[in-house]
Amino acid sequence: RYDLQYKRWLSPLEAETDDEIPCLEFSSCVVMSSGIALVFGGKSNGYKNDLYRIKLSGLKATVVKIPATTGTPSPRYGHTAVLAEDEKLMYVFGGYDNLGMSCDDLFCYDTDSYYARQPGNEWNIIKADDPPPSRFLHSAVMREKVMIIYGGRSGASTLFQDVHYFNSENSTWCKMKCKGKITAPRFGHAAIIVNTSQMVITGGCGKDKDKPFDDVMSLNISGSPHNLTGEWVDLSLKTLKDGLRYQSNKKSIGSRYYHAVVYDYNMKEMIIHGGKGLDKELDDVVFLSLIRTVFDILPKFCIINILSYLDLQSISQVMRTCK
């Protein structure tokens, strides 16, 4: 638990469960809705396809392990999960499975089936033409009824920089046409959807694992769910086309991959935590503020790097300024 107001870590929640608690799971997926977290898959002394339901209430977390059924995805890690359809459906795409293969399959988990106590009806595989090439360690975000997939890797040497989207209304895949400064192929990055017209990605790693990225890229999205287009913009640049400028305090998010990102819609901030850096594991917390310009075209940004969560206890105030 992390206190966004006072910028400090709090004591862990007390777990209440008759089942085992998911732990040490590498590259599992977590989605959150109305105080309930769903955790699926990951790698920990073997590949996993366990699904856990964690209800958060006060200082306690109630953990329930949901048994696998015949329709459950194969054990895997590096997959993605998003919530859709009023947060009643969870879509799981791709990953690297226990057969040593990167995947291009898409599954849907129906949370209503769980509440209706209908075991065996929760998972369904979605059959659709022209899915993205198989991949893992990619990113996925949900824009209204559309899931957007970016980047990732397949095998040891194939890295992606493409964007695909799945329309849940008619169960179709499309490759998005993008212009602007195309991002470098990467995996292990993080992505969030800021609003219906903007996806922001941070960090990631290319072919050289010793040089992870420290950039912040925005994909500005337009069009209908049946025909989306995008334009990449590097938020690290000071001067953009048409003379527009961004304000920055000249600090970066730090080179990293395998990190976590959430978005605070009240403060309009991205909160970035941890990951792997140039030569060490990271435990810092970085705040990235996205502020709309008066032209309402692209966001300015300023970054506040809180050095380490070990120091947060002594920090009483954080000033957000952009030079």
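The values are calculated or read from the model by the stated rules, or taken from the named source; none is laboratory data. Just so you know, these numbers come straight off a predicted model, no measurement behind them. Positions of Cβ are generated from backbone atoms using ideal geometry, with glycine treated the same way; all protein chains shown enter the neighbour counts. We work out accessible area using only protein heavy atoms, side chains counted, and drop any ligands, DNA or RNA first. Shrake-Rupley method; radii C 1.70, N 1.55, O 1.52, S 1.80 Å.
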Failed criterion for ASP86 (all others in (1) open to solvent by 40 Å² or more (accessible area, probe 1.4 Å); (2) assigned to a strand (DSSP E or B) hold) = (2)
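Conditions (1) farther than 16 Å from LYS276 by Cβ; (2) hydroxyl-bearing (Ser, Thr, Tyr); (3) at pLDDT below 90, marked per residue:
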site: ASN195; (1), (2), (3): yes, no, yes
site: THR229; (1), (2), (3): yes, yes, no
site: SER236; (1), (2), (3): yes, yes, yes
site: LYS250; (1), (2), (3): yes, no, yes
Please tell me if TYR91 is in contact with a Lys or Arg (Cβ under 7 Å, 6 or more places away or on another chain) and either open to solvent by 30 Å² or more (accessible area, probe 1.4 Å) or in contact (Cβ under 8 Å) with a residue 12 or more places away in the chain (or both).
-> no
Mind listing whichever residues of region 21-47 are assigned to a loop (DSSP other than H, G, I, E, B), open to solvent by less than 50 Å² (accessible area, probe 1.4 Å), of a type in the set (Gly, Ala, Ser) and under 19 Å from LEU59 (Cα atoms)?
-> GLY35
Residue among ASP50, ASP105, ASP18 that alone is over 29 Å from ASN167 (Cβ atoms) and open to solvent by less than 40 Å² (accessible area, probe 1.4 Å) = ASP50
Within region 190-199, can one find any residue that is among the hydroxyl-bearing types (Ser, Thr, Tyr), touching a Ser or Thr at 6+ places or on another chain (Cβ under 7 Å) and within 22 Å of ALA260 (Cα to Cα)?
-> yes
Of the conditions (1) part of a strand (DSSP E or B); (2) among the acidic types (Asp, Glu); (3) farther than 30 Å from LEU10 by Cα, ASP50 fails just one. Which one is it?
-> (3)
Within 26 Å of VAL285 (Cβ to Cβ), aliphatic (A, V, I, L, M) and in contact with a Lys or Arg (Cβ under 6 Å, 6 or more places away or on another chain) - does that describe any residue in region 25-34?
-> no
Check region 36-46 and report whether any residue there is at pLDDT below 85 and either more than 15 Å from TYR77 (Cα to Cα) or within 15 Å of the chain's Cα centre (by Cα) (or both).
-> no
Is it the case that ASN170 is surrounded by fewer than 16 Cβ atoms within 10 Å (Cβ to Cβ) and assigned to a loop (DSSP other than H, G, I, E, B)?
-> yes
Taking ASP97, is it free of Cβ contacts under 8 Å to residues at least 60 places away in the same chain and farther than 29 Å from ALA184 by Cα?
-> no
Only residues that are open to solvent by less than 50 Å² (accessible area, probe 1.4 Å) and among the acidic types (Asp, Glu): list them for region 173-219, please.
-> ASP215
Residues satisfying the stated conditions in region 61-78, i.e. open to solvent by 10 Å² or more (accessible area, probe 1.4 Å), under 30 Å from SER11 (Cα atoms) and not in a strand (DSSP E or B) | PRO67
